[in-house]
Amino acid sequence: MAYVALSEAEKTFILHGVEEDFRCDGRSRRDYRPMELETGLVSNASGSARLRLANTDILVGVKTEIDVPNPLTPQFGKLEFFVDCSANATPEFEGRGGSDLAQELILSLQNAYESPFAFDYRTLCLIPGQQCWKLYIDILILECGGNLYDAVSLAAKAALYNTKLPRVTATLLDAGVTDLIISDNPYDCTRIGIDAVPLLVTVCKIGDYCLVDPTAEEEVCSTVSMVVSVSMRDNEAYLSGTHMTGGGSMHRDTMLNSIQLGLSIGEQLNSLLVKMLKSEEGRVGPKRPKTVGFLK
């Protein structure tokens, strides 16, 4: 995370604000900062999204290719994450300074998407045991202003919603060989269902209280945080994974309260994100423009 130098007086001020449920920017412990979301920004990617959460800026691009399924899971497709921490985000990312943070983010996303209940890999399978889609989710951290886990997961889910897979038809040739024909029509495509795609919610412990969406200054005041992975199934929030960050520890009751808070916030975030994506799609319009002339 981005390092912010704070004096003891500033840390005490932040701690007292959290205790009074009145943080430095006027939010309560359950409030998020304003977000800005754009999709379809990268023209040479199958899907893309850019999310700005206050001072945190994330750009995600999704590339697709046809690959061979894993022999252990012949009916599943593949998903691979890559995170790049731009040196412009914070001076600590210069050189290989951001490699450890990038690896932590990759492992968190892989664990969240690992369960087939969190992401349906069967939708990426073309021919069981022979051909499948492989998605490369490239994440670029442009600016770091706290709460990276939440921002990265929100941007990744928005990019998957924006991803368009070309329609594929299979033709059986001689000797049982299957040939795939990929449509080159940009409007003849399928979409990826994101209903169960998980979101990460960071529950940060400062003093005796837990809060969500910590700023970079609040992260400095915290000794331990819990990242809760929340997946939606049948309009209900389910826990798909958790892990701890920081060098501190949590009491059992605090841990249970953090999980409940993460599930509640994750359900709200998911509904707001889906509403935002559908609103943007309705305003911009994914439909094919009206064709004129004789080449239809």
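The values are calculated or read from the model by the stated rules, or taken from the named source; none is laboratory data. Bear in mind that the values here come from a model prediction, so they are computed numbers and not experimental data. Positions of Cβ are backbone-derived with ideal geometry, glycine not excepted, and every protein chain shown enters the neighbour counts. Accessible surface is based on the protein model in full, side chains and every heavy atom, while ligands, DNA and RNA are left aside. Shrake-Rupley method; radii C 1.70, N 1.55, O 1.52, S 1.80 Å.
Structure notes:
- Rounded tilt (10° steps) of 148-162 against the dominant C-alpha axis of the chain: 20 degrees
- Amide H partners (placed H, <5 Å) of GLY145, local residues excluded: THR56, ASP57
- Comparing mean-square fluctuations of ARG96, ARG50, ARG30 from a GNM of the chain with C-alpha springs under 10 Å, the top value falls on ARG96.
- Of the labelled figures (i) 18.6, 58; (ii) 21.2, 78; (iii) 19.9, 68, only one reflects Rg and Dmax of the Cα atoms in Å as derived from the coordinates, namely (ii).
- Under the Karplus curve 6.51 cos²θ - 1.76 cosθ + 1.60, θ = phi - 60°, whole-Hz ³J(HN,Hα) for region 85-93, x wherever Gly or Pro sits: 8, 5, 5, 6, 5, 7, x, 5, 8
- Average Cα contact separation per residue, the chain, under 8 Å, 6 or more apart, as relative contact order %: 18 percent
- Seen from all directions on average, region 1-152 presents a Cα convex hull projection of 11.4 nm².
- Which listed pairs, of LYS164/LYS275; LYS134/LYS164; LYS205/LYS275; LYS78/LYS275; LYS134/LYS275, have C-alpha distances above 21 Å, in listed order: LYS205/LYS275; LYS78/LYS275; LYS134/LYS275
- Among LYS78, LYS11, LYS205, residue whose mean-square fluctuation peaks in a GNM of the chain (springs only between Cα atoms under 10 Å): LYS11
- Straightening the chain between ASP31 and ASN185 buys 51.1 nm, computed as 0.36 nm per residue apart minus the Cα-Cα spacing.
- Cβ-placed point charges (K, R +1; D, E -1), dipole of region 8-282 about Cα centre in debye, nearest 20: 620 debye
- Restricting region 166-228 to GluC sites (Glu not before Pro) in coil, as DSSP defines it, with at most 12 other Cβ within 10 Å: none
- Using the Cβ-Cβ distance between VAL68 and MET244 with R0 set to 30 Å, the FRET efficiency from 1/(1 + (r/R0)^6) comes to roughly 0.25.
- Amide proton proximity set for ASP84, modelled H, under 5 Å, gap of 5+: ILE139, LEU140, ILE141
- Sites excluded, chymotrypsin sites (Phe, Trp or Tyr not before Pro) in DSSP loops with at most 12 other C-beta within 10 Å, longest stretch of the chain: 4-116
- Cleavage-rule hits (trypsin sites (Lys or Arg not before Pro)) in region 134-167: DSSP loop, at most 16 neighbouring Cβ within 10 angstrom: ARG167
- Summed over the residues of region 8-282 and divided among them, the accessible surface reaches 49 Å² per residue at a probe radius of 1.4 Å.
- Among residues other than LYS78 with Cβ under 14 Å from its Cβ, the summed charge is -2 (Lys and Arg +1, Asp and Glu -1).
- Principal-axis analysis of the Cα atoms of the chain puts helix 8-19 at an angle of about 70° to the longest axis.
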